[in-house]
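Novice: One structure, pasted below without further comment.
The values are calculated or read from the model by the stated rules, or taken from the named source; none is laboratory data. Note that the coordinates shown come from a computational prediction; the quantities given were computed from them, not determined experimentally. All Cβ positions, even for glycine, are placed from backbone atoms using ideal geometry, and neighbour counts span all protein chains on display. To get the accessible areas, we keep the full protein, side chains included, count just its heavy atoms, and leave off ligands, DNA and RNA. Shrake-Rupley method; radii C 1.70, N 1.55, O 1.52, S 1.80 Å.
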Amino acid sequence: MNRPLRLALLTLLLGAFAIAVHTDFPLCPMASSFGIPCPGCGLTRATLALFRGDVRGALQLHPLVWLLAPLFVSFVGAATLELVRGPTPRPRKPRINWTSRSMNLAATALLVLTLSVWLARFAGYLGGPVPVTSMRRWLARAR
């Protein structure tokens, strides 16, 4: 795939995401299908609140936004950069050893922390479950 086509694809994806955020389209498959929040529900809204400087609102939407948003933004940024750059002629040695024991422990700890916050919110702690919109409710409101 040539570079202009990759840039067009990236622009299309960013435009679709911007429209979805602007129209409050339910991006989470679990929330849109079942009407209950997933462990990551609220992170998009929390990240956007952080970008606006609303730290309190961001933490109400998802208490782990301070940890998960920078990780997500850095991973998406790296993937976007790789998409725009295109394939490299020779493979580079990765800067981070993703298969190391310490990386696996950190990922496991992050998963346990995220699931713990999710369960605590269902129990009414940390502000309770984040409000979500099901696809049925979104379609009814859009009419």
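Novice: Does the range 3-143 come out rounded, prolate or oblate, given a ≥ b ≥ c as the square roots of the eigenvalues of its C-alpha gyration tensor, rounded meaning a/c under 1.5 and, failing that, prolate meaning a/b above b/c? Show your work: numbers first, answer last.
Specialist: Working: a/c = 2.20, a/b = 1.25, b/c = 1.76.
Oblate, since a/c reaches 1.5 and b/c is not below a/b.
Novice: With a 1.4 Å probe and all protein chains left in place, how much accessible area per residue does the chain have, in Å²?
Specialist: That works out to 74 Å² for each residue.
Novice: Give a quick list of trypsin sites (Lys or Arg not before Pro) in the range 66-104 that DSSP marks as loop, anything other than H, G, I, E or B, with at most 11 other Cβ atoms within 10 Å.
Specialist: ARG92, ARG95
Novice: Across the range 71-79, in residue order, what do the Karplus-derived ³J(HN,Hα) couplings come to in whole Hz, using 6.51 cos²θ - 1.76 cosθ + 1.60 with θ = phi - 60° and x for Gly and Pro?
Specialist: After applying 6.51 cos²θ - 1.76 cosθ + 1.60, I find 4, 5, 4, 5, 5, 5, x, 5, 5 Hz.
Novice: Take ARG143 and TYR125, extend 7 Å from each Cα along the Cα→Cβ direction, and tell me the distance between the two endpoints in nm.
Specialist: Label-label distance for ARG143 and TYR125, simple model: 4.2 nm.
Novice: May I ask you to give the percent of accessible area on the range 21-75 that is carbon plus sulfur, with a probe radius of 1.4 Å? Write down the numbers at each step before the final one.
Specialist: On the way: 2280 of 3280 Å².
In the range 21-75, the share of accessible area belonging to carbon and sulfur is 70 percent.
Novice: Students sometimes get this wrong: rank ASP24, ASP54 by accessible area, probe 1.4 Å, all chains present, largest first. Walk me through the numbers on the way to the answer.
Specialist: Numbers: ASP24 90, ASP54 70 Å².
Solvent-accessible surface, decreasing: ASP24, ASP54.
Novice: I want to check the label-to-label distance for LEU110 and THR23. Put each point 7 Å from Cα in the C-beta direction and report it in nm to one decimal.
Specialist: Modelled inter-label distance: 3.1 nm.
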